[in-house]
Amino acid sequence: MANRDDVARRAGVSGATVSRVFNHPDRVETGTAELVRRVASELGYRPDKNAGALRRRGTGVLIFLEYRKGGTYSWPDMRFFNWLYADILRAVVQAVSESSFRLEMRSIGSLKHLRTLAGECDGILAFNTEEREYASAVAGTGIPYVCAHHTETLTGFSRCSTDNFAGGRLLGEAFYAAGYRNAVYVSGHLKEVEAHRQRLKGFREGFGGEVPLIETPVGIDGGMAAAAVIAPEVRAGRIDAVCGVNDLTALGILRGLGECNIRVPEECLVAGYDNLPVDLGLSRRIPSVDLRLGALYRRAVQGLVDFILRGQSLDFTLAPLLVPGPLLDPPESSS
């Protein structure tokens, strides 16, 4: 089996540089780090993570933590989000494999179980952290941690966050720039979910006005119910575009408008959020926003490693990307 010096010779760097790539990647130039990792992969080299843990007097373990919250924020279509979770898990596994730590996954149903984790790992990456109670419990373990996902409002915590306000604003700006003037927004769970409130707020700011809101259960069925209300308004010329709080809601709106013989996007644009591949097989893509969750969780792992090794907590927000689809096609009535 190849060792550190074999990698160093093949890559043309020092053995110390190879060690830094796996233990302190922030101290190595990106190009050099990529070269070392590629050579290591070709040679089958894996750093001795147990030795690294002994040097740090730690466990060498990072825990990727899921908290099964329960509550009312759930609907049958949530299984579609497994696409996103696969991207997240792939990014976490890859990022940890490039460090000197090992990954363990835990799932808890009560925050009181966090008390036992402090002695079992060197750091915690808390998945899908939105509630301050959850973040406080993770921080209360007294070990390095990063709260990740929709953490915009969790100021004062070590966090890695999406930017739902910016994503909503991107869609609102694009709607207006494409010539749409009579948009409505479809959402639900606004009291329970801060991310949904931020998406609506951002959309309204980007569109430049108080966009009417249709509240409905989130998901395909809720979107179809909203479409029944929207369709007569489209025929009357009072609505020319609809933004759903997520792609599943948008897919329901799309189906419902189709059943009402409303042509999308010729008579009414429909857009969503999350960039799920729910529009596979359709003739045109549903415009959406990509939160870049794979990149977000990779950055969260890097931040957690840095917190462990250097004592520096993380405060990072990742900008979303617009996935326009036919968004820039103006409605037929536009001049």
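The values are calculated or read from the model by the stated rules, or taken from the named source; none is laboratory data. Everything numeric here is computed off the predicted structure, so don't read it as measured data. Quick reminder, even Gly has a Cβ in these numbers, built from the backbone with ideal geometry, and neighbours come from all protein chains shown.
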Filter result (touching a Lys or Arg at 6+ places or on another chain (Cβ under 7 Å) and in contact (Cβ under 8 Å) with a residue 12 or more places away in the chain) within the range 204-219: Glu205, Gly206, Val211
Whichever residue in the range 131-163 is of a type in the set (S, T, N, Q) and in contact (Cβ under 8 Å) with a residue 60 or more places away in the chain and, among such residues, is farthest from Ala227 (Cα to Cα): Ser158
One residue from Leu248, Leu254, Leu304 being in contact with a Phe, Trp or Tyr (Cβ under 8 Å, 6 or more places away or on another chain), farther than 24 Å from Phe165 by Cβ and crowded, with 20+ Cβ neighbours inside 10 Å: Leu304
Residue count for the range 145-160, restricted to those that are surrounded by fewer than 24 Cβ atoms within 10 Å (Cβ to Cβ) and either of a type in the set (D, E, K, R) or touching a Ser or Thr at 6+ places or on another chain (Cβ under 8 Å) (or both): 5
Hey, Thr129 surrounded by 22 or more Cβ atoms within 10 Å (Cβ to Cβ), β-branched (Val, Ile, Thr) and under 17 Å from Ala319 (Cα atoms) or not: no
Output for the range 124-172, where each listed residue is among the charged types (D, E, K, R) and either farther than 15 Å from Lys69 by Cα or in contact with a Gly (Cβ under 7 Å, 6 or more places away or on another chain) (or both): Glu152, Arg159, Asp163, Arg169
Close pairs (6 angstrom Cβ cut-off, 6 or more residues apart or separate chains): assigned to a loop (DSSP other than H, G, I, E, B) in the range 104-120, modelled with pLDDT under 90 anywhere: Gly109/Arg68
Of the criteria (1) within 27 Å of Ser161 (Cα to Cα); (2) in contact (Cβ under 8 Å) with a residue 60 or more places away in the chain; (3) not hydroxyl-bearing (Ser, Thr, Tyr), which one Ala241 fails: (1)
Residue selected from the range 266-288 under the condition out of contact with any strand residue (DSSP E or B) (no Cβ under 6 Å at 6 or more places or on another chain) and under 30 Å from Ser158 (Cβ atoms), by the criterion modelled with the lowest pLDDT: Leu276
